[in-house]
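Notes follow the structure.
The values are calculated or read from the model by the stated rules, or taken from the named source; none is laboratory data. If you're wondering where the values come from, they're calculated on a predicted model, not measured in any experiment. As a convention, Cβ positions derive from the backbone with ideal geometry for all residues, glycine included, and neighbour counts pool all protein chains shown.
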């Protein structure tokens, strides 16, 4: 696996590919992986650039080390905010990043160890699946820190996972959810004993997803995104799957009792 520098020689966003699996590491451990705008933009560009017909079939997003997935946006970047437009432009920029993750052509898995707060939690909720090490903590403690708020899209993503009541309790109390509580609430699907077990499971899970029907996964991602937006249109997704060569391959493979060879088209 060869890390790819995202620019400027900082290597604050590492991208490694092994077979069909790409791992994106938020790499500022000295700052608990707090995100710079360059890191956000690099993550978005990578997700947008994935070719659905290419070699990468699943993406793992994680943080360097076991102390933090990401402790939000580097707050030094807020010092020049003076107007409403400054805030709105920031939220539009971050939403474009989260939308890029959410609409990534392949499944995404957030492998969370340590603190996952603010912008880091936003990235995790935009991923398709989330798994966590036992010491992970999730939340948006903004009511006791910066005094800002989430975007409407972020509130909607979070509410889709833990319900409106869960969002209200999380934001109002400004407390962080422990890993087991996050799993009980539906925020994460699995809790692993430690960082090593987390990354091993993330790889195995990514391999499983990489072997499944790409169009089924793609349609499901898009359908749930539309549901969060209040949309009910989905005929195009049904047509995409049922008229595909993959559907015909799946049918024949099932009848012949053999594994399907998916092509994603």
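Yes/no matrix, rows are residues, columns are (1) free of Cβ contacts under 8 Å to residues at least 12 places away in the same chain; (2) over 24 Å from residue 197 (Cβ atoms); (3) in a helix (DSSP H, G or I); (4) assigned by TED's automatic domain parsing to the domain that holds residue 203:
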position: 41; (1), (2), (3), (4): no, yes, yes, yes
position: 46; (1), (2), (3), (4): no, yes, yes, yes
position: 66; (1), (2), (3), (4): no, no, no, yes
position: 88; (1), (2), (3), (4): yes, yes, yes, yes
Q) Got at least one residue in segment 69-84 being part of a helix (DSSP H, G or I) and under 17 Å from residue 14 (Cβ atoms)? A) no
**Q.** First in segment 242-265 and over 22 Å from residue 54 (Cβ atoms), second anywhere and in a helix (DSSP H, G or I), Cβ under 9 Å, 6 or more apart
**A.** 258/252
Q. With respect to residue 92, is the statement that it is surrounded by fewer than 21 Cβ atoms within 10 Å (Cβ to Cβ) and closer than 19 Å to residue 225 by Cα true?
A. yes
**Q.** Out of 23, 76, sole residue that is modelled with pLDDT of 95 or more and surrounded by fewer than 24 Cβ atoms within 10 Å (Cβ to Cβ)
**A.** 23
Q | Residue in segment 214-265 that is modelled with the highest pLDDT, counting only those that are surrounded by fewer than 15 Cβ atoms within 10 Å (Cβ to Cβ) and at positive phi | A | 257
Q | The listed residue being free of Cβ contacts under 8 Å to residues at least 60 places away in the same chain, more than 17 Å from residue 146 (Cβ to Cβ) and assigned to a loop (DSSP other than H, G, I, E, B), out of 110, 105, 55 | A | 55
